[in-house]
């Protein structure tokens with residue numbers, strides 16, 4: 001049995017998983033890591049206390065795989081940096097956690113874990129090259145090339161959410177400090193904000209999709225615009241990578257019947273002729289389990 | 001000795017090259033391949049006649065490496081398609097040429113050959129990951145990942161020239177059928193066209209740089225704008241690939257003292273914070289020999 005964890009700023013999802021990708025038990029723990037005051041030692045302590053408890057309950061856990069919101073150096077388990085935890089630099093997270101819990105630990109970027117999960121167990125299965133996009137609070141990306149996770153030189157590859165899709169006079173601001181990024185148009189947060197701006201109604205992306213299904217023209221407009229921006233960004237990635245399989249996970253994919261045609265239409269309009277019609281954009285079949293299954297795959 | 005060739009629409013540059021990358025002899029032949037009427041057999045005949053002549057003169061040639069303007073399936077030597085020779089589809093160019101000249105032939109996309117040459121012998125030497133950009137009539141790109149040329153699933157990777165950098169109300173049209181592509185702003189052709197639009201003077205990119213050096217404000221504006229657009233496109237590629245070494249070749253790099261600061265300033269403005277300052281943009285040290293040396297490297 002493997003213990004997999006998907007670490008977020010305020011939540012940690014953990015699961016006990018077989019080496020075949022069957023989730024035996026899943027739990028969600030509230031834990032505050034988003035606090036800029038949390039030190040390296042406190043982070044290690046909080047995580048290892050949580051893992052220790054689960055290991056004690058399940059005697060048969062042989063290793064831990066973790067998806068973490070940060071940039072890692074290759075597959076070393078060394079956290080180079082984390083945009084949400086700027087106080088952490090060049091920390092051997094895998095090594096320190098392994099020393100604390102006394103079993104092997106492997107750790108990788110959370111979006112890359114989702115890509116690994118989707119490639120091994122989900123809609124990307126059987127494709128040796130895969131670009132996986134996660135639509136959540138932000139937008140992440142993970143790349144599999146020739147059946148191998150691609151990290152880039154500094155562990156920062158596939159910052160897909162920060163591809164710039166709008167550079168007109170008034171592009172929307174993005175959390176990265178830039179503007180016009182696809183994340184500012186198509187993340188769950190952006191969809192919610194844009195709907196509020198248009199309608200004055202504060203609600204989440206999932207509800208906005210339901211409103212769109214019922215014919216709410218403002219909701220339809222926001223979701224189609226998100227698809228349009230995603231299609232543009234996928235076109236840019238495809239022109240560079242010539243990858244033919246794209247998978248997308250996350251809450252916004254609830255709107256797939258509206259989102260997918262908008263993505264495909266914009267993708268087709270933005271590709272060079274020899275690439276047109278070659279790229280499949282698939283909805284994740286694992287959705288929010290992709291990250292956990294990918295984290296498990298790091299150690300199985 | 002190796003015979004290397006860089007095939008263009010109207011010109012073929014060939015060279016006899018040692019396995020250490022020393023060019024022993026170089027020649028340029030006028031040959032019309034850009035004609036849409038040229039058949040597959042005529043293409044093979046024209047090329048093999050030229051190669052045969054060179055092989056007869058130099059008894060010691062053991063293999064031929066060719067850079068060709070088209071998309072190749074992996075390293076198979078099979079031309080999938082060529083935007084400039086649309087009548088050619090799935091042609092085993094390497095196999096047919098090899099049968100005709102009776103020595104081994106290897107063939108690959110021309111921009112990828114330039115990347116291979118720059119990586120093996122030029123400014124990219126010693127870097128295991130490299131993005132090479134060619135600024136000519138169009139803009140091409142070639143990618144080396146982990147010391148291996150990257151072709152993509154259909155041989156169409158690194159269509160860098162068609163990254164979209166302008167999507168305002170009136171983006172410039174591009175030869176690909178789209179608009180706002182970096183090629184429409186920063187290729188030698190675009191620099192020349194844009195200078196003509198601004199000044200009414202018809203001249204080439206090299207002369208425009210010389211004018212810029214003498215203080216011609218219109219020439220300075222066009223070259224700085226080309227650098228700005230290149231920086232934007234490099235930022236997009238870097239956000240996806242997290243590659244830290246970029247090399248650029250081609251006539252427009254004559255304007256390096258003006259072009260490089262414009263590229264760096266725009267790159268820095270468009271990168272996400274953790275990538276800022278990590279990316280080096282280097283001028284090719286091989287310039288128009290990169291493609292020939294890379295073609296030679298295919299067979300040595």
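Points worth noting:
- Flag for residue B:21 being modelled with pLDDT under 95, within 19 Å of residue B:294 (Cα to Cα), touching a helix residue (DSSP H, G or I) at 6+ places or on another chain (Cβ under 9 Å) and assigned to a loop (DSSP other than H, G, I, E, B): yes
- Residues located in segment B:11-32, provided they are touching a residue at least 24 places away in the same chain (Cβ under 8 Å) and out of contact with any strand residue (DSSP E or B) (no Cβ under 7 Å at 6 or more places or on another chain): B:21
- Leading residue by the ranking (nearest to residue A:16 (Cα to Cα)) among those in segment A:251-297 that are touching a helix residue (DSSP H, G or I) at 6+ places or on another chain (Cβ under 7 Å) and not in a helix (DSSP H, G or I): A:286
- Residues that are out of contact with any strand residue (DSSP E or B) (no Cβ under 6 Å at 6 or more places or on another chain) and either assigned to a helix (DSSP H, G or I) or modelled with pLDDT of 90 or more (or both), drawn from segment A:34-49: A:41, A:42, A:43, A:44, A:45, A:46, A:47, A:48, A:49
- The residues in segment A:251-278 that are within 14 Å of chain B (Cβ to nearest Cβ) and surrounded by fewer than 22 Cβ atoms within 10 Å (Cβ to Cβ) can be counted, and the count is 8.
- Verdict on residue B:226 being in the same structural domain as residue B:181 (by TED's automatic domain parsing), closer than 26 Å to residue B:198 by Cα and either surrounded by fewer than 18 Cβ atoms within 10 Å (Cβ to Cβ) or at pLDDT 95 or above (or both): yes
- Subset of segment A:137-152 [crowded, with 20+ Cβ neighbours inside 10 Å and either more than 18 Å from residue B:143 (Cα to Cα) or more than 17 Å from the chain's Cα centre (by Cα) (or both)]: A:138, A:139, A:140, A:141, A:142
- Residues of segment A:182-215 satisfying the condition of being touching a residue at least 12 places away in the same chain (Cβ under 8 Å) and assigned to a loop (DSSP other than H, G, I, E, B): A:182, A:187, A:204
- Only one entry of A:236, A:224 meets the criterion of being over 17 Å from the mean Cα position of the chain (by Cα), more than 10 Å from every other protein chain (Cβ to nearest Cβ) and assigned to a helix (DSSP H, G or I), and that entry is A:224.
- With respect to being out of contact with any strand residue (DSSP E or B) (no Cβ under 6 Å at 6 or more places or on another chain), under 18 Å from residue B:104 (Cβ atoms), in a loop (DSSP other than H, G, I, E, B) and free of Cβ contacts under 8 Å to residues at least 60 places away in the same chain, residue B:76 fits the description.
- Of all residues in segment A:130-171, those satisfying the criterion of being out of contact with any strand residue (DSSP E or B) (no Cβ under 6 Å at 6 or more places or on another chain) and more than 17 Å from residue B:236 (Cα to Cα) are A:135, A:136, A:137, A:138, A:145, A:146, A:147, A:148, A:149, A:169, A:170.
- Residues that are within 13 Å of chain B (Cβ to nearest Cβ), in a loop (DSSP other than H, G, I, E, B) and touching a residue at least 12 places away in the same chain (Cβ under 8 Å) do occur in segment A:116-127.
- Between A:124, A:77, the distinction of being in contact with a helix residue (DSSP H, G or I) (Cβ under 6 Å, 6 or more places away or on another chain), buried (at least 19 other Cβ atoms within 10 Å of the Cβ) and at negative phi belongs to A:124 only.
- Residues that are within 14 Å of another protein chain (Cβ to nearest Cβ) and part of a helix (DSSP H, G or I) were ranked within segment B:79-115; the one that is farthest from residue A:242 (Cα to Cα) is B:115.
- Residues in segment B:133-181 that are within 19 Å of residue A:267 (Cβ to Cβ) and more than 8 Å from every other protein chain (Cβ to nearest Cβ): B:161, B:171, B:174, B:179, B:180, B:181.
The values are calculated or read from the model by the stated rules, or taken from the named source; none is laboratory data. These numbers come from a predicted model, not from an experiment. Reconstructed Cβ throughout: ideal geometry from the backbone, glycine too, with neighbour counts over all protein chains shown.
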